[in-house]
1. Accessible area per residue for the chain in Å², computed with a 1.4 Å probe and the full protein assembly in place, what is it?
2. Cα gyration tensor of region 232-378, axes a ≥ b ≥ c as square roots of the eigenvalues: rounded (a/c below 1.5), prolate (a/b > b/c) or oblate?
3. Full-extension gain between Arg108 and Ser196, please, as 0.36 nm times their residue separation minus the C-alpha to C-alpha distance.
4. Which of the pairs Lys201/Lys233; Lys154/Lys233; Lys39/Lys233; Lys119/Lys357 have their Cα atoms more than 24 Å apart in this structure?
5. Would you mind checking Lys44/Lys320; Lys118/Lys306; Lys14/Lys284; Lys107/Lys379 for any pair whose Cα atoms are more than 31 angstrom apart?
6. Can you give me the Rg/Rh ratio for region 122-229, using Cα atoms for both radii and the Kirkwood formula for Rh?
7. Which value at 222 nm does the chain reach when only helices count, each DSSP H run of 4 or more adding -39,500 (n - 2.57), with the total divided by all residues and rounded to the nearest 500 deg cm²/dmol?
8. Please return the longest range in the chain lying between exposed loop sites, taking GluC sites (Glu not before Pro), DSSP loop only, at most 16 other beta-carbon atoms within 10 Å, and leaving the sites out.
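The values are calculated or read from the model by the stated rules, or taken from the named source; none is laboratory data. Just so it is clear, the structure is predicted and the values come from calculations on it, not from any experiment. Positions of Cβ are generated from backbone atoms using ideal geometry, with glycine treated the same way; all protein chains shown enter the neighbour counts. The protein model used for the area step is the full one, side chains on, heavy atoms only, and it has no ligands, DNA or RNA in it. Shrake-Rupley method; radii C 1.70, N 1.55, O 1.52, S 1.80 Å.
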Amino acid sequence: MDFSLSEEQQFLQKTARDFAKSEVLPLAAKIDSEHRHPKELVDKMAQIGLMGVAVADEHGGSGMDCVSYALAIEEVARACASTAVIMSVNNSLVCDPIAHFGSDAQKREWLPLLAQGKKLGCFAISEPEAGSDAAAQTAIATLDGDEWVVSGTKNWITNGPVADVCVLMAMTDKAQGHRGISAFILPMDAKGVSTSPPDDKLGIRGSKSCQIFLENVRLPKNALLGGVGQGFKVAMTTLDGGRIGIAAQALGIARACLEDGFEYALQRRTFGKPIAEHQSIQWKLADMATEIDAARLLVLKAAQLKDNGEPYGKAAAMAKLFASDVANKAGRECIQIFGGNGYVTEYPAERHFRDAKITEIYEGTSEIQRLVITNYMRKGG
Ligand code: CAA
């Protein structure tokens, strides 16, 4: 078994690490406190190839693999979880389904714009009454001549307030249940599209999310992504890949907890010595470091399976389930190491704690990951 990274993977990891350290980290606390979309960082990520890591060269992307993508997300998330999820959604939930299910014309039209940061994408499956039960779509798309007419409401759409384009799920034949769902590419400036004010969130406050309202939005017939009735498959396949990105984001947050906690423990003194010399603190740091390494192995395994064209849905769900749990535990322990200083915004610990929580919720809650894993087991996967 070979755990080493290729030269190309190491290069992207270093590029992302240097960028995260020098450009993202200095802004992270401010982005969070101002609840601000970091457009300047998104533009810079595009310049260094992070907005379309696995998009083919011919479509304007970096032409790299999913392992490289996961490594880059971890680095960005270590500095700022908000910036990392903006990148993750654009890569996994927008570029990926267009690359895999799009027509040649759709790939030519959208991938270069998305990969080069000229447009930002979002993904809309969730609705007020369709979160975990993703098949319970009520947004409707009906064919009227040569156009689709779409109406409905989408919820908690990451990047929604700032997105230019949306991969959208809507019901085209309600009688068919999940087989009646279709996917569309929706330009966010289409007539009839509006958004709510951004959600006021516990964490990842620099990542803007909102509701999207669709009122008789007319889309050309060729806005369909994949075939009629293929939307649930498009969405589930997309989320399998997306979960690798969120697992890598969780890993980055956990690493921030460990590195910041360790640095603090070396400085902070109690009972005449640095708290890093107290066994109670050493145990916390050792457990965090061990769990982070285990989480990284799961993330990279899922990414490598995807790169090898092997089934990766179960591995992706396991990686997200485990890494998000590790991030939340690390968030708690980080605050505990910082003590009173962990509870105030002057130090980064409380931000990591708040940012970690969402990784157990979006792109499928931890309960849904367990369901996905056992579904694969029941099918012999
Ligand atoms: N890949 C391809 N096809 C899949 C699949 C997968 N991973 N999982 C299921 N399917 C197919 C099944 O094979 C089945 O196909 P057939 O009709 O041909 O038999 C069909 O989909 C239905 O499968 P299920 O009966 O298992 O579907 P279900 O209705 O019971 O739901 C679920 C399954 C796993 C619970 C699914 O609803 C789910 O993943 N829910 C969570 C949704 C989610 O992750 N939402 C996140 C929103 S996006 C977000 O958070 C983005 C953001 O802003 C950051």
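1. 44
2. prolate
3. Contour length minus Cα-Cα distance gives 28.6 nm.
4. Among Lys201/Lys233; Lys154/Lys233; Lys39/Lys233; Lys119/Lys357, the Cα-Cα distance tops 24 Å for Lys201/Lys233; Lys39/Lys233; Lys119/Lys357.
5. Violating the 31 Å limit, Cα to Cα: Lys107/Lys379.
6. 0.97
7. Result for the chain: -16000 deg cm²/dmol, rounded to the nearest 500.
8. 130-345
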